[in-house]
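Okay, structure first, notes after.
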Amino acid sequence: MSEIRLAAETRTEFGKGAARRARRAGFVPGVVYGHGHAPVHLNLPGHDLMMALKTPNTLLVVPIEGKDEYVLPKAVQREAIKRTIEHVDLLLVKRGEKVTVEIPVHTEGELAPGGNLLEHVLQALPIEAEATHLPEAVTVSVEGLEAGASIHAKDITLPNGVSLAVEADAVVLQVIAAQAAPAEDEAAEAEAGAEA
């Protein structure tokens, strides 16, 4: 996983008015916490932060008190309609430290013929890995799976140094049989009633 360096500024003003002024100037208010340090309030460049957060669990490098520190996004607040970033909470991490995050589960391959549907029981897989070596996602093959088949967390191959942070028997994906459309069922019942 690559590191993304952001030029952050320490925030000295607080409250809604200060946050609005920062957003108008193209910044996103944020707070860094963790490792027993007092929270550090920052203004982060809005566009650069938005681009960085397109990758899940991206490792950010921000200057804090004159020193570059590693942080992971923990909570991102977005504006309801425009979806712009309003505020971000960042977790301070150290090189070599293990952290628990959720990574997306991608699928490849085709299900068995017959109109079966793939259900993502877990949208993201909880894992534990070194903060500076977090995988972006895992890919699972669903090639030829039939209705009733399921893929458990223990069935997913993880990169070296990554372990599950969820029960091994937790269902991640399952294949369900396609349901007949209600209109077809009603038509069949109407035909049966007409014949009787």
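Spin-label model, M50/F14: points 7 Å from Cα along the beta carbon direction are separated by 2.8 nm. Using the Cα coordinates of the range 28-107, the gyration tensor eigenvalues translate into equivalent-ellipsoid semi-axes of 20, 18, 11 Å, sorted from longest to shortest.
Going through (i) 17.7; (ii) 20.0; (iii) 18.2, the figure that equals Kirkwood radius over Cα pairs in Å as computed for the structure here is (ii). The calculated FRET efficiency for R21 paired with E128, based on their beta-carbon distance and R0 = 35 Å, is about 0.35.
Only Cα pairs under 8 Å and 6+ residues apart enter the sum, and on that basis the relative contact order of the range 1-123 stands at 24 percent.
Over the range 13-62, Cα pairs under 8 Å with separation of 6+ residues give a relative contact order of 26 percent. Rounded to the nearest 20, the Cβ-based charge dipole of the chain about its Cα centre (Lys and Arg +1, Asp and Glu -1) stands at 1940 debye. When the C-alpha to C-alpha distance is required to be over 19 Å, the pairs from K67/K94; K54/K74; K67/K98; K74/K94 that qualify are K67/K98. Per-residue ellipticity at 222 nm from helix content only, as computed over the chain with -39500 (n - 2.57) for each DSSP H run of at least four residues, stands at -4500 deg cm²/dmol. Which percent of the Cα-Cα distances in the range 60-168 go past 23 Å? Counting every Cα pair in the range 60-168, those more than 23 Å apart make up 46 percent. Seen against the Cα atoms of the chain and their longest principal axis, helix 182-195 is set at about 20 degrees. Calculate what fraction, in whole %, of the accessible area of the chain sits on carbon and sulfur atoms when a 1.4 Å probe is rolled over the protein chains. About 50 percent, which is the carbon plus sulfur part of the accessible surface.
Among rounded, prolate and oblate, which fits the range 11-53 when a ≥ b ≥ c are the square roots of the eigenvalues of its C-alpha gyration tensor, a/c under 1.5 means rounded, and a/b larger than b/c means prolate? Numbers along the way, then the final one.
Details: a/c = 3.35, a/b = 1.24, b/c = 2.71.
Verdict is oblate for the range 11-53.
Averaged over its residues, the range 1-100 has an accessible area of 58 Å² per residue, based on protein heavy atoms and a 1.4 Å probe.
The values are calculated or read from the model by the stated rules, or taken from the named source; none is laboratory data. Note that the coordinates shown come from a computational prediction; the quantities given were computed from them, not determined experimentally. Methodologically, a virtual Cβ is constructed for each residue, glycine included, from the backbone with ideal geometry; neighbour enumeration extends over all protein chains shown. Ligands, DNA and RNA are excluded from the accessible area calculation, which covers all protein heavy atoms including side chains. Shrake-Rupley method; radii C 1.70, N 1.55, O 1.52, S 1.80 Å.
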